[in-house]
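The values are calculated or read from the model by the stated rules, or taken from the named source; none is laboratory data. Remember, it's a predicted structure, so these values are computed and weren't measured experimentally. So basically every Cβ, Gly included, is an ideal-geometry build from the backbone, and we count neighbours across all protein chains shown.
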Amino acid sequence: RALSAWLPGRLGALAGPVATTLAATAACAPLLVAVSPELPVAGLAANLLAVPVGEAAALPLCLLHTILPGPAERGAALVGSGALLVVRAIARAAGALPGLPLPPLSEAQGVILAAGVVAIGAARRRGVTALLVGAALLVAEGAARRQGAPRGLLRVTALDVGQGDSLLVDFPDGRSMLVDGGGFVGSPVDPGRSVILPTLRARRRPGVDLVALSHPHPDHFLGLASALPSLGVGELWDSGQGEAEGAGPVYAALLDGLRRRGVPVRRPGDLCGRPRDIGGATVELLAPCPSFTPFANANDGSLVLRLSYGRRAVLLVGDAEQAEEASLVATRPLDLRADLLKVGHHGSRTSTGPAFLDAVRPTHAVVSCGVRNRFGHPHPTPLAAMSALGVLVARTDRGGALLW
């Protein structure tokens, strides 16, 4: 009513839909803040356009076509489908617009939110219900924070970034490492904003302690370029090949932005032969050591990282192909053994050779690749080789994000 009185003339008719959308947005805002860096304010206008189309055309016609005979059924289905396409176009257009940036919900803000729910309920004489809801909010928030930064274990999550790589590692002391960020040139989907930032926000992580870029290819660094400016970053590990030989303006801007923020950039010369202890877990750079080979295939200059905790180990190989694999087998055969292998180059036939696979002997492997990608990844050859050894293979194109 208040909104209707405030809007002039015929605009008062919009009061109902606007009020409904505002109420839904307000109710969902705490949940959206928990998992998204932006509040989609464009949805207010989008709903004014989409709801009438959906309610007046799409919904009734989609219901009617199930009972109409012959040509009438086909006509109703055609028009109803067209209305749904209009709704989808409106939703996509609104989703492409920037939202209202919101900082992550802090612990203090979570307590205030829960207290506010209790206070509102008490004012409306629903104290017990409000108290239970407030308590549930606090319990859920506490659980999210504990699960987002678990203690006493080494956890690896292969994020679903399509045809690219991105892995989030949780260390036993609560620190974290992000290895690559996915990305695809020409794609409207930005994995940094659509996958990495929401994942970290849902896990209540305002930043990462360590970022490792395996090699300077867009399907590994584009997501980092869009996500890292919004995150705290402790340090970056980078092969140096992209800066020495040129990897384009996005890569250069990524490094420049981090350096301007005072983030140390470590190169193989700083890391080779110097295992890092992080909360009791060991992170060791196995290759390229002592540095990358100038003007060689960047895939074969990928940072190869071995993470171990207790008796368990993980081997992350970026896009390493058979040349780098052969070098590792020749120089570090005893250091390759791992329980989990992040399969090289998205499961390409040029990676995961027999000698390398025999040296690693993983029980589990993960392939990061896009659904029906044009490269045919993963190739049947490495899949068959791993199957012959009894390796359990998980794929992001089939299972989405994977947790180990």
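Suppose the filter is of a type outside the set (A, V, I, L, M, F, W, C), in a helix (DSSP H, G or I) and buried (at least 17 other Cβ atoms within 10 Å of the Cβ); does G80 pass it? Yes; evaluated as a whole, the condition is true for this residue. Scanning segment 329-349 for residues that are over 17 Å from R311 (Cα atoms) and either out of contact with any helix residue (DSSP H, G or I) (no Cβ under 7 Å at 6 or more places or on another chain) or crowded, with 23+ Cβ neighbours inside 10 Å (or both) yields a total of 10. So for segment 300-310 (the condition being surrounded by fewer than 19 Cβ atoms within 10 Å (Cβ to Cβ) and closer than 17 Å to A384 by Cβ), does at least one residue qualify? Taking every residue of segment 300-310 in turn, none turns out to be surrounded by fewer than 19 Cβ atoms within 10 Å (Cβ to Cβ) and closer than 17 Å to A384 by Cβ. Of the residues making up segment 287-316, those that are more than 21 Å from E245 (Cβ to Cβ) and not charged (D, E, K, R) are L305, L307, S308, Y309, G310, A313, V314, L315, L316. Under the condition of being of a type in the set (V, I, T) and part of a loop (DSSP other than H, G, I, E, B), the residues counted in segment 323-363 number 4. Within segment 311-322, being outside any strand (DSSP E or B), touching a residue at least 12 places away in the same chain (Cβ under 8 Å) and more than 11 Å from F356 (Cβ to Cβ) holds for G318, D319.
Take the conditions (1) free of Cβ contacts under 8 Å to residues at least 60 places away in the same chain; (2) within 17 Å of D165 (Cβ to Cβ); F375 misses just one of them, which is (1). Based on this model, can you work out whether L210 counts as closer than 25 Å to S308 by Cβ and either crowded, with 24+ Cβ neighbours inside 10 Å or touching a Phe, Trp or Tyr at 6+ places or on another chain (Cβ under 8 Å) (or both)? In short, yes. Among the residues of segment 244-270, those that are touching a strand residue (DSSP E or B) at 6+ places or on another chain (Cβ under 9 Å) and either not assigned by TED's automatic domain parsing to the domain that holds F292 or not in a loop (DSSP other than H, G, I, E, B) (or both) comprise Y251, L254, L255, L258, R259, V265, R266, P268, D270.
Considering segment 260-275, and only residues there that are in contact with a Leu (Cβ under 8 Å, 6 or more places away or on another chain) and closer than 16 Å to V211 by Cα, the residue that is surrounded by the most Cβ atoms within 10 Å (Cβ to Cβ) turns out to be P268.
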